[in-house]
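Data block below; observations after.
We did not get these values from a lab; they are worked out from the coordinates using the rules stated. Not measured: the values here are computed from a predicted model. Note that we place each Cβ from the backbone using ideal geometry, even for glycine, and neighbour counts take in every protein chain shown.
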Amino acid sequence: MATVALAVTENMLHFELATTFEIFTRDPTGLADPWYDLTVCGAGPVRVGRFHLEPDAGLDRLAHADTVIVPAVADVDADLPADLVDAVRAAHQAGARLVSLCTGAFVLAAAGALDGLRATTHWAHTEALAARYPQIDVDPDVLYVDNGRVLASAGKAAAIDLCLHLIRRDHGATVANAVARRLVVPPHRAGGQAQFVTTPVPTREDHPLAGLLPWAMERLDQPLTVEDLARQAGMSSRNLARHFRSATGTTPLQWLSTQRIRRAQELLENSDHGIDAIAAAAGMGTATTLRRHFHRTVGVPPDVYRRTFRSA
């Protein structure tokens with residue numbers, strides 16, 4: 001997915017547009033070759049917030065790109081530009097991977113690219129998206145959705161999460177983590193994490209999980225249980241589950257499973273350890289268990305992942 005077309009039109013939101021440009025125009029790691037070749041595509045000069053933007057190419061270029069990214073539109077109640085919708089539809093028919101950021105989902109929806117699929121957008125607009133396009137399974141409670149060739153994110157920070165997810169899919173966890181470090185953002189938030197979190201991000205000073213999460217990360221090779229986590233946190237299992245759901249959008253066991261898979265990915269990319277040793281280090285027990293969970297979560301077996309994403 002080396003060629004990326006960034007579709008722009010009047011009155012798009014500049015945060016998502018600028019974020020995409022920043023992430024996909026420069027490889028900060030030296031590990032990915034080739035990096036993405038990004039082209040800004042529009043029908044002509046456009047105004048984005050208080051800025052004026054001169055596209056590199058016309059909207060017809062979308063149909064020739066590997067990946068098409070549609071940033072957020074400022075007004076979901078206004079008529080969408082017909083030329084943009086037509087160009088996105090043509091790109092979809094040509095086999096491009098389509099990505100919407102925030103309210104860019106309304107453009108993909110108008111183009112018919114989300115029909116019959118699960119999708120999301122900013123939580124403030126999920127009801128409008130579902131009402132306007134009942135053929136779409138709109139999920140208001142996730143950061144992003146990956147349908148393979150069609151992906152959609154919620155707003156602002158979730159757009160960064162989805163961009164990093166794309167890099168992780170294309171180049172592996174090591175490269176995605178390096179990009180995240182440059183951006184000074186968390187390297188991975190699972191798409192199923194809740195959009196709306198009612199408490200602040202955990203910190204050592206003010207959140208019950210602040211000390212627990214690093215403690216657990218240092219012990220992923222051990223057979224940790226919910227009871228172990230609750231005991232370390234000094235709370236009941238029920239209270240632990242409530243705090244986990246509120247802070248991470250998932251359960252303690254699901255969080256542990258995600259961290260174990262991430263540890264396995266890092267070891268597959270950066271070590272020569274065999275599958276049995278990686279399974280033990282990631283707390284999966286046996287190679288058979290690792291292969292089963294890894295394939296179900298990542299989509300490919302561990303040995304295929306290693307061959308694909310082994311860093312230089």
Exercise. Which whole-number percent is the relative contact order of region 3-183 (Cα, under 8 Å, 6+ apart)?
Worked result: 20 percent
Exercise. Using alpha-carbon pairs under 8 Å, 6+ residues apart, how would you state the relative contact order of region 200-312 in percent?
Worked result: 21 percent
Exercise. Which cross-chain or sequence-distant (5 or more) residues have an amide H under 5 Å from the amide H of Arg149, H modelled 1.01 Å from N in plane?
Worked result: none
For this session: Rounded to whole Hz and in sequence order, give me ³J(HN,Hα) for region 134-139 from the Karplus expression 6.51 cos²θ - 1.76 cosθ + 1.60, θ = phi - 60°, writing x for Gly and Pro.
Result: x, 6, 9, 8, 7, 9
For this session: Could you tell me whether the chain comes out rounded, prolate or oblate from its Cα gyration tensor? Rule is a ≥ b ≥ c as square roots of the eigenvalues, rounded for a/c under 1.5, then prolate if a/b exceeds b/c, otherwise oblate.
Result: prolate
For this session: Net charge near Arg245: determine it from the other residues with C-beta under 13 Å of the C-beta of Arg245, scoring Lys and Arg +1 and Asp and Glu -1.
Result: +1
Exercise. Within a Cβ distance under 15 Å of Val73, other residues only, what is the Lys/Arg minus Asp/Glu net charge?
Worked result: -3
Seminar exercise, completed: Between Val185 and residues 5 or more places away or on another chain, the pairs with built amide H atoms under 5 Å apart involve none
Problem set entry | Considering only region 3-183, percent of DSSP beta bridges that pair antiparallel, nearest 5 | 30 percent
For this session: State the antiparallel share, in %, of DSSP beta bridges confined to the chain, rounding to the nearest 5.
Result: 30 percent
For this session: Sort out for me the Cα centre separation of region 234-276 from region 106-121, rounded to whole Å.
Result: 31 Å
